[in-house]
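One structure is given here, and the rest of the page talks about it.
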Amino acid sequence: MHFPLGGPVPEEDIVGRDDFITSLETRLAEGQSIMLAGPRRIGKTSLAFEVLRRLKKKGFYVASVDFFRTSSRRSIAESIINSCLENRTGIRKTLNAVWDRAKLLAGSAKIAVKIEDLELNIGFPKKEMDDETILEFAFNLPELLAERDDKRMVMVFDEFQDAGQIGGLDIYKVMRSYFQHQKKVSYLFLGSKESMMQSLFAGKKHAFYRFAAVLPIPQIPEEAWMSYITRKFYERSIDVNSDYVLTEIVQLAGGHPQDTMLICTEAYYTLLEANEKKLSSEIVRIAYERALITLTPVFDEILDDVGKRSRVREVLRRLALGEVIYKEKNNPNDIKRAIDILSRSAIIEKEGRGKYRFVEPMLKEYILRNY
């Protein structure tokens, strides 16, 4: 894909955030843990993976676990163990290899020797062990591995707010009890539900209170987007000689990373289909409409999650129209609850007293057209 969509992007497609990545890299390398929160599809995972790539190149051990892809305390433990051990073995599912000795010995002798050596050094949990024993091993492993190999380990936990739903709310206390004593491990916590993440790391009653530095994710400057889009189209011999057209793309997407990439993708395919070699406002407008159609199932899912109450839909519509959201005939508590739901879901964010903006401007347009 010329403009990457639907997942972490490669280094050359991370736009306008090099200074922020350098800051994250420096802090984590020096032992500080960090929390980043923001809606899905704004590039958190891409930032994290680029930081891990740079640190791994410098000789750090790196690991990552996406809680969205785990389903139990045991699967959390196995994901942590496998990701940590990959630094030593070079294979993604080391535990599977250990637990299937016949397959291991029949496979690569080099890997078999590595795993035998690793088992002598740190030991492995047995497959028949109970979930809590394996979980204890997993939470100890990052520090144990870093100490044994005289390395610093940097670990990413993605969708960290889901850990409590998957492993029970007590899992945060259990994690903290291990992590707070580790000297050679830095953690980068990512979460798409900002209010939950803020509560976890800033609420005095929560286990991770003040455990990590809470950093805001910077907006991508318009000029960075313009330079990137020009370069990408130029690589395909497409003429972009108007700053107005570039500004139009960025403003239509509101600078939202995935939506900007999507409009550019649709513009590229529109040009191919029309056998054109020049990006124009007409092409951009067609691309925008095609992007909205592509986003329909995404937006429908977002609205289904929050819009079961009629009041929420009503508030969304008023916000999209720029109307006053508190009206005399409405119960203010109902409106506040609707605003809280929309804020927790990262659909809107507060700009000032009584003022809110859509995190994703294309969702605002979708609501205006369909509700």
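The values are calculated or read from the model by the stated rules, or taken from the named source; none is laboratory data. The model shown is predicted, which means the values in this text are computed figures rather than measured ones. All Cβ positions, glycine included, derive from the backbone under ideal geometry; neighbour counts span all protein chains shown. Heads up: the accessible areas ignore ligands, DNA and RNA and are worked out on the full protein's heavy atoms, side chains in. Shrake-Rupley method; radii C 1.70, N 1.55, O 1.52, S 1.80 Å.
Could you list all residues from the range 1-37 that are farther than 17 Å from Gly59 by Cα and of a type in the set (Ser, Thr, Tyr)? Give the steps one after another, and end with the answer.
Going through the range 1-37, the residues farther than 17 Å from Gly59 by Cα turn out to be 1-21, 23, 32-37.
Of everything in the range 1-37, those that are farther than 17 Å from Gly59 by Cα and of a type in the set (Ser, Thr, Tyr) turn out to be Ser23, Ser33.
Within the set of pairs 6+ apart or on separate chains, which have a first residue in the range 163-189 that is in a loop (DSSP other than H, G, I, E, B), a second that is among the aliphatic types (A, V, I, L, M) and open to solvent by less than 50 Å² (accessible area, probe 1.4 Å), and C-beta atoms under 7 Å apart?
Lys184/Ala146; Lys184/Met153
Quick check: anything in the range 16-29 in a helix (DSSP H, G or I), out of contact with any Ser or Thr (no Cβ under 7 Å at 6 or more places or on another chain), of a type in the set (S, T, N, Q) and surrounded by 19 or more Cβ atoms within 10 Å (Cβ to Cβ)?
Our first condition is that a residue be in a helix (DSSP H, G or I); within the range 16-29, this holds for 18-29.
Okay, now just the ones that are also out of contact with any Ser or Thr (no Cβ under 7 Å at 6 or more places or on another chain), so 18-27, 29.
From what's left, of a type in the set (S, T, N, Q): 22-23, 26.
Subset that is surrounded by 19 or more Cβ atoms within 10 Å (Cβ to Cβ): none.
Within the range 16-29, not a single residue is in a helix (DSSP H, G or I), out of contact with any Ser or Thr (no Cβ under 7 Å at 6 or more places or on another chain), of a type in the set (S, T, N, Q) and surrounded by 19 or more Cβ atoms within 10 Å (Cβ to Cβ).
Would you mind finding the one in Ser108, Ser71, Ser46, Ser64 that is open to solvent by 20 Å² or more (accessible area, probe 1.4 Å), out of contact with any Ser or Thr (no Cβ under 7 Å at 6 or more places or on another chain), at pLDDT 90 or above and among the small types (Gly, Ala, Ser)?
Working: Ser108 fails: at pLDDT 90 or above; Ser46 fails: open to solvent by 20 Å² or more (accessible area, probe 1.4 Å); Ser64 fails: out of contact with any Ser or Thr (no Cβ under 7 Å at 6 or more places or on another chain).
The unique qualifying residue is Ser71.
Of the conditions (1) open to solvent by 10 Å² or more (accessible area, probe 1.4 Å); (2) under 21 Å from the mean Cα position of the chain (by Cα); (3) over 20 Å from Leu363 (Cβ atoms), Phe208 fails just one. Which one is it?
(1)
Working only within the range 195-206, note down all residues that are within 21 Å of Ser64 (Cβ to Cβ) and either assigned to a loop (DSSP other than H, G, I, E, B) or touching a helix residue (DSSP H, G or I) at 6+ places or on another chain (Cβ under 8 Å) (or both). Spell out how you get there, then give the answer.
Filtering the range 195-206 down to residues within 21 Å of Ser64 (Cβ to Cβ) leaves 196-197, 200-201.
Across the range 195-206, the qualifying residues are Met196, Met197, Leu200.
Looking at Ala48, Ala63, can you tell me which residue is more than 21 Å from Met196 (Cβ to Cβ) and either in contact (Cβ under 8 Å) with a residue 60 or more places away in the chain or hydroxyl-bearing (Ser, Thr, Tyr) (or both)?
Unique residue meeting the criteria: Ala63.
Taking the residues in the range 292-312 that are open to solvent by less than 70 Å² (accessible area, probe 1.4 Å) and at pLDDT below 85 as candidates, determine which candidate is farthest from the chain's Cα centre (by Cα).
Arg311
Considering (1) in contact (Cβ under 8 Å) with a residue 24 or more places away in the chain; (2) open to solvent by less than 70 Å² (accessible area, probe 1.4 Å); (3) within 23 Å of Phe60 (Cα to Cα), say which one Glu147 fails and leave the rest.
Only one criterion in (1) in contact (Cβ under 8 Å) with a residue 24 or more places away in the chain; (2) open to solvent by less than 70 Å² (accessible area, probe 1.4 Å); (3) within 23 Å of Phe60 (Cα to Cα) is unmet by Glu147, namely (2).
Look at the range 22-37 and say how many of its residues are touching a residue at least 40 places away in the same chain (Cβ under 8 Å) and within 15 Å of Val156 (Cβ to Cβ).
Final tally of qualifying residues: 10.
Quick one: is Glu78 under 18 Å from Gln219 (Cβ atoms) and assigned to a helix (DSSP H, G or I)? Even if it seems obvious, please write down each step before you answer.
Working: under 18 Å from Gln219 (Cβ atoms): no; assigned to a helix (DSSP H, G or I): yes.
For Glu78, the condition - under 18 Å from Gln219 (Cβ atoms) and assigned to a helix (DSSP H, G or I) - is not met.
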